[in-house]
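Notes follow once the structure below has been shown.
The values are calculated or read from the model by the stated rules, or taken from the named source; none is laboratory data. A quick note: this is a predicted structure, and the numbers were derived from the prediction, not measured. Note that each Cβ is placed from the backbone with ideal geometry, even for glycine, and that neighbours are counted across all protein chains shown. Just so you know, the surface numbers come from the protein's heavy atoms only, side chains and all, with ligands and any DNA or RNA stripped out. Shrake-Rupley method; radii C 1.70, N 1.55, O 1.52, S 1.80 Å.
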Amino acid sequence: MKKLLLIVLPALVLLQNSFGQSQGTITGKVLDQESRPLEFANVLLNRASDSLFLKGGITDSLGNYVFDQISEGEYFIQASMVGFGSGTSAPIKVNGSGPVTIGEIILTDGVQLSEVTVKATKPFIEMNADKIVVNVANSAVAAGSNALEILAKSPGVTLDKDNNISLKGKQGVLVTIDDRNQYMSSQDLAKMLEAMPADAIESIEIIHNPSARFDAEGNSGVINIKLKRNENLGYNGDVALAGRQGRHTNYNTSGSLNYRNGKVNAYGTLTHSKWHGFNDLSLDREIPFNGQTTFFDQNSQMQFLGTNYGVRAGMDFFPNEKTTIGVLARFNTGNRTSTNSNYTDISGDNAPSFNILEVNTDGDGSWSQQTYNVNAKRSVGKNSSLTFDLDYSLYDNPLLTMYANTYTNDGENPFVNNGFLRNTSDIAVDILASRLDYQVKLGKFNVEAGTKFSMVKTGNTTLFEDLIDDTWVKDNLRSNEFEYEESVYAAYLNGSTLLGGLNVQMGLRVEHTVSDGNSITLGQQVVRDYTDFFPSVSLSHTIAEKHSLSYTYARRLNRPNYRDLNPFIEFLDDFTFQKGNPFLRPQYSNSLGVNYGYGRSFFISANYSKTREAITQVIEQESANNTSFQTMDNLDNFENFSLTLTAPIVMSESWTTRWNVVGFYNKFTSEIPSGSLNNDQFSYQVYMSNEFTLPQGWRAELTGNYQSGLVYGLFSIEPRYGIDFGFTKRVMNDAGTLKIGMSDVFRTQINNVSIRQNDIILDVHSFYDSRRVNASFNYRFGNQKVKQSRKRTTATDDELRRIQTNN
């Protein structure tokens with residue numbers, strides 16, 4: 001990374017110098033209501049004639065800011081900061097005769113920022129005391145990417161070889177879209193995020209210690225993906241085209257229309273994406289048995305191709321100032337084809353009668369999802385509001401997979417034998433969810449209360465057939481039919497107030513769960529009925545000027561995914577497969593956190609959690625017949641310590657760098673089928689982003705990340721790192737935005753995973769299409785004068801943002 005900086009930074013300096021000198025300079029100062037300078041305040045330069053945003057900046061330690069290379073014309077300045085209101089200067093004229101100094105802009109503490117100010121000034125990574133925010137909308141390095149790739153670049157987030165999401169070294173993350181749980185397995189969620197273009201995302205919120213208002217699901221925290229929503233007045237819209245080129249070409253297109261007046265906001269979006277990916281996978285295994293060892297040298301070349309079409313349409317109706325009623329309908333459909341050429345060389349004293357196994361797999365599947373939502377908000381009296389949501393969703397995912405097996409012995413008794421297998425499977429999911437939230441201010445107390453009900457029904461069928469004498473014959477040992485139903489009844493109460501100089505927030509959430517997993521084929525049924533209490537506490541106070549401390553505690557759980565509960569088998573070959581575990585139990589965690597902040601520019605966060613019955617991916621082995629399979633199981637104990645440091649550093653008026661460093665220690669102890677597990681390691685992740693303001697409207701971003709080696713359950717994961725860069729420019733009188741860049745410049749994002757546990761010896765190497773050139777273009781049309789945001793003071797107002805995509 002240091003070498004790349006030495007190469008790129010001089011080039012950027014030369015680029016900046018090559019554009020000539022400025023015509024005018026604007027200087028000013030931003031203060032709080034007590035006339036103290038505000039460091040790292042956001043400052044916007046806008047054209048006076050049409051309020052068009054032209055350039056952004058950040059104040060220094062004395063509250064000063066400078067805009068240079070400003071053409072002749074009339075402008076005004078807007079200033080804002082998280083936790084403060086916004087301030088606007090009087091119009092000013094620049095004529096090139098000399099610097100123009102603006103009077104002081106005073107920001108008042110405790111007033112919400114307007115949405116237009118936040119949208120225009122957010123850096124790619126922000127950290128607040130309670131969460132990290134990844135601002136995707138204006139990022140050049142996000143061009144052409146999908147939601148899963150953006151998550152992988154987010155601070156503290158890691159993905160394993162199967163795209164399971166971890167946060168600060170812990171799995172069990174609750175991923176929501178516009179504050180709504182997706183009720184999906186980790187595999188289905190990963191597929192959905194892979195098909196969701198980054199251009200549809202406004203921001204990603206990473207919440208480590210959520211309050212009682214959030215579902216108790218997600219023992220390591222909540223990741224909330226907030227999708228874009230247009231609130232401009234009148235008719236407006238945009239069209240976007242994005243693509244990326246690596247080994248294969250991928251692209252996505254979208255278009256949206258929006259109409260808004262005083263009573264109605266109607267909106268609609270069309271999306272289309274096409275992708276082509278690959279995964280070169282190798283597995284090396286040693287299986288000892290009775291003093292003999294079998295060796296497997298396995299190589300797979302996987303290809304994935306797919307298309308997706310999405311439609312979403314909705315309307316918000318405002319009958320009066322106190323009431324909002326909304327409806328939303330969304331339909332997504334797509335197909336995914338896959339091929340896998342799997343070659344295994346088998347040797348050793350306990351090897352089968354053949355030494356080469358070739359499996360060619362062809363999969364052809366499709367999916368569709370329909371979602372319908374009704375929502376309403378009503379202001380009740382002066383200091384209270386009531387919010388209601390009702391959602392119904394249908395999901396279907398049929399898949400046909402063909403297996404062609406070739407068994408070869410090239411030794412003393414050569415032979416070739418072929419076998420053919422096909423699998424027809426289908427997953428159907430019905431989801432019904434409703435919630436009611438009430439928020440009221442009672443004197444010095446802010447109180448939130450609410451209820452939620454969710455019901456999930458899934459039907460899973462898998463039919464395996466062998467080709468025998470040109471006839472497909474059902475394989476009863478592999479075929480299965482599985483049904484799962486789960487209902488969750490929840491209620492919460494959350495209160496906050498200021499006691500002296502101490503901000504106190506306390507909450508309690510109660511959830512009653514009833515689930516029934518029924519394997520009809522195997523005659524196995526697991527019924528669970530349990531009630532849990534989930535308290536949460538947050539205390540914060542200022543210990544000196546600009547110095548603040550906060551303390552958090554929360555209890556959370558993770559329920560097993562319904563796909564993980566399904567006992568059916570998914571094959572890679574005769575010796576390698578994965579299957580579900582119908583006897584999985586929920587896992588529970590208790591988390592403690594201490595956070596320190598210096599102003600709004602430097603944060604340190606320390607956290608500790610202990611999880612019992614940790615749901616973790618494991619490898620089990622039947623050594624006598626050389627088979628290994630992947631499944632999910634409950635480990636006895638999992639402890640996690642983490643320390644996070646975040647700081648922006650203003651290097652110059654045109655260069656800001658932001659650092660996010662996470663250190664964590666994982667420790668797993670459990671009795672497992674292969675023996676006793678005791679696995680622990682200290683790990684760290686470093687994320688650095690650089691943002692450059694260049695002449696002629698160009699912006700540049702250079703980001704780098706490094707993940708050290710880590711352990712999770714049985715698995716040891718080797719270090720990995722990557723560097724991305726990108727450029728952004730507004731064109732066509734600022735109606736268009738062009739973004740270009742490259743991801744994983746040195747092609748270093750390679751997954752290397754190993755297991756050394758009793759008689760399980762496994763090495764996995766996975767390589768995918770990570771180095772790509774990315775580009776996107778977005779054109780906005782119609783009325784782009786932004787309506788000032790109404791004040792948003794309730795914690796549940798985001799429930800009205802019901803636009804989402806499940807591409």
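Some notes on this structure:
- One residue alone among Asp437, Asp410 is among the charged types (D, E, K, R) and either in contact with a helix residue (DSSP H, G or I) (Cβ under 6 Å, 6 or more places away or on another chain) or open to solvent by 60 Å² or more (accessible area, probe 1.4 Å) (or both), and that residue is Asp410.
- Just one residue in the set Thr101, Thr59 is under 21 Å from Glu653 (Cβ atoms) and either open to solvent by 50 Å² or more (accessible area, probe 1.4 Å) or at pLDDT below 75 (or both); that residue is Thr101.
- Pairing residues of segment 490-509 that are more than 17 Å from Tyr553 (Cβ to Cβ) with residues that are open to solvent by 70 Å² or more (accessible area, probe 1.4 Å) and in a strand (DSSP E or B), at Cβ distances under 7 Å and at least 6 apart in sequence or on separate chains, gives Ala490/Thr451; Ala491/Thr451; Thr497/Phe445; Gly501/Thr542.
- Exclusive hit being on the phi < 0 side of the Ramachandran plot and either under 29 Å from the mean Cα position of the chain (by Cα) or at pLDDT 95 or above (or both), set Ser368, Ser347, Ser353: Ser368
- Here segment 666-702 is the region considered, the condition is being of a type in the set (Val, Ile, Thr) and at pLDDT 90 or above, and the residue that is nearest to Ser589 (Cα to Cα) is Thr669.
- Selection of segment 491-525 for residues being over 20 Å from Asn480 (Cβ atoms) and open to solvent by 60 Å² or more (accessible area, probe 1.4 Å) yields Leu493, Leu498, Leu499, Gly500, Asn503, Gln505, Met506, Leu508.
- Neighbours by Cβ (under 9 Å, 6+ apart or cross-chain): first from segment 75-102, more than 16 Å from Ser35 (Cα to Cα) and in a loop (DSSP other than H, G, I, E, B); second hydroxyl-bearing (Ser, Thr, Tyr) and at pLDDT below 85: Gly96/Ser22; Gly96/Ser71; Gly98/Thr25; Pro99/Thr25
Yes/no matrix, rows are residues, columns are (1) aromatic (Phe, Trp, Tyr); (2) free of Cβ contacts under 8 Å to residues at least 60 places away in the same chain; (3) open to solvent by less than 20 Å² (accessible area, probe 1.4 Å); (4) under 26 Å from Leu463 (Cβ atoms):
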{"residue": "Gln303", "(1), (2), (3), (4)": "no, yes, no, yes"}
{"residue": "Gly310", "(1), (2), (3), (4)": "no, no, yes, no"}
{"residue": "Gly334", "(1), (2), (3), (4)": "no, no, yes, yes"}
{"residue": "Thr337", "(1), (2), (3), (4)": "no, yes, no, yes"}
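- Test set (1) more than 30 Å from Asp215 (Cα to Cα); (2) free of Cβ contacts under 8 Å to residues at least 60 places away in the same chain - Asn350 fails condition number: (2)
- Residue check: Ser654 meets all listed conditions (1) in contact with a helix residue (DSSP H, G or I) (Cβ under 9 Å, 6 or more places away or on another chain); (2) at pLDDT 90 or above but one, namely (2).
- Out of Ser683, Ser689, Ser676, Ser642, sole residue that is free of Cβ contacts under 8 Å to residues at least 40 places away in the same chain and assigned to a strand (DSSP E or B): Ser676
- Selection over segment 348-387 of residues that are in contact with a Ser or Thr (Cβ under 6 Å, 6 or more places away or on another chain) and either hydroxyl-bearing (Ser, Thr, Tyr) or part of a strand (DSSP E or B) (or both) gives a count of 15.
- Hey, Leu442 modelled with pLDDT under 90 and open to solvent by 30 Å² or more (accessible area, probe 1.4 Å) or not: yes
So that you can scan it fast, the table gives a plain yes or no per residue for (1) at pLDDT below 90; (2) open to solvent by less than 20 Å² (accessible area, probe 1.4 Å):
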position: Tyr721; (1), (2): no, no
position: Met742; (1), (2): no, no
position: Phe777; (1), (2): no, no
position: Arg780; (1), (2): yes, no
position: Asp798; (1), (2): yes, no
position: Ile803; (1), (2): yes, yes
